[in-house]
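The values are calculated or read from the model by the stated rules, or taken from the named source; none is laboratory data. Predicted model, so just to flag it, every value in this text is computed and none were measured. For neighbour counting, all protein chains shown are included, and Cβ atoms are generated from backbone atoms with ideal geometry for every residue, glycine included. Ligands, DNA and RNA are excluded from the accessible area calculation, which covers all protein heavy atoms including side chains. Shrake-Rupley method; radii C 1.70, N 1.55, O 1.52, S 1.80 Å.
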Amino acid sequence: EAPEFSEDDGCVSFCEPVEFSGWAEVQNASLWRRLREWIIGKHGLAEADNVIPDYAVASLEDEARREEAPAPAFSEPPPPTQEEPTTVTPEEAAALERSNQELKQKLQALEDQAAAARAKQQQAANAEFCESLTGKLKPEQRQVVLATLNALEAQASPVEFGEGNAKQPLPAALKAALSDLPDLVEFAEVATKDKALGSANGAGAEFAESRTDPARLSLHQKAKDLAAKERISYEDAVRRLVNQ
């Protein structure tokens, strides 16, 4: 049955305002919606669904509401900024080179001064140690020991002695070995003041009984003679003879 329109039935009101993106699409969807509502009023919902399905009208309304997304504005990326090369004149380059050389020389001088100070301090310690060997080594022997210690500790790569946990720097091992040497003259047992004042034969007999080394016996006799001649103590005479 053909639909009929009248002045009273042609107006459909909406409860909520609807915003549409295009006026033509809005009018098209509105007409279809009104026509469907009129069919529902005249012939029922089933007849309206057969003639104009609700999903079809809803699709038109959605299309009318949809806003066209703005097209992305493409633009060419700006050209990469090129840094202007730094221009260095030959005079400036030469000045920089001289400055670098001066800094290197100053740094090397500071390092040399520090190394010299450390070497001087170590040599002083070695000399003090060698002085402590007086009575154990002759003066020329102490000079050899001092030169050896200074040479060992001046090496860039330290020399080590021993194995495993017993390993230690060679200068330290040498000092320990020299410190364990016996005295050339045992003042407490042999070179006492009373013995120095005794007779030469008595002293020689005493040394002979003690099985003293002949070199010590000779040193004892010389020290006794020097003490009597110079009128100094026996100990000072022995030290003077040992340090000759």
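Can you say whether Pro53 is at pLDDT below 85, out of contact with any strand residue (DSSP E or B) (no Cβ under 6 Å at 6 or more places or on another chain) and not polar (S, T, N, Q), as far as the supplied structure shows? No: the conditions fail for Pro53.
The number of residues in segment 99-109 being open to solvent by 70 Å² or more (accessible area, probe 1.4 Å) and either at pLDDT below 90 or among the polar types (S, T, N, Q) (or both) comes to 4. Restricting segment 193-244 to residues that are modelled with pLDDT under 80 and assigned to a loop (DSSP other than H, G, I, E, B) leaves a set whose member that is farthest from Ser132 (Cα to Cα) is Ser199. In this structure, does Val190 turn out to be under 27 Å from Ser132 (Cβ atoms) and modelled with pLDDT of 80 or more? The answer is no for Val190.
Please tell me if Glu61 is at pLDDT 80 or above and farther than 30 Å from Ile39 by Cα.
Criteria not met by Glu61.
Does segment 120-142 hold any residues that are among the hydrophobic types (A, V, I, L, M, F, W, C) and in a helix (DSSP H, G or I), and which are they? Those that are among the hydrophobic types (A, V, I, L, M, F, W, C) and in a helix (DSSP H, G or I): Ala124, Ala125, Ala127, Phe129, Cys130. Just one residue in the set Pro17, Pro72, Pro3 is open to solvent by 100 Å² or more (accessible area, probe 1.4 Å) and at pLDDT below 85; that residue is Pro17.
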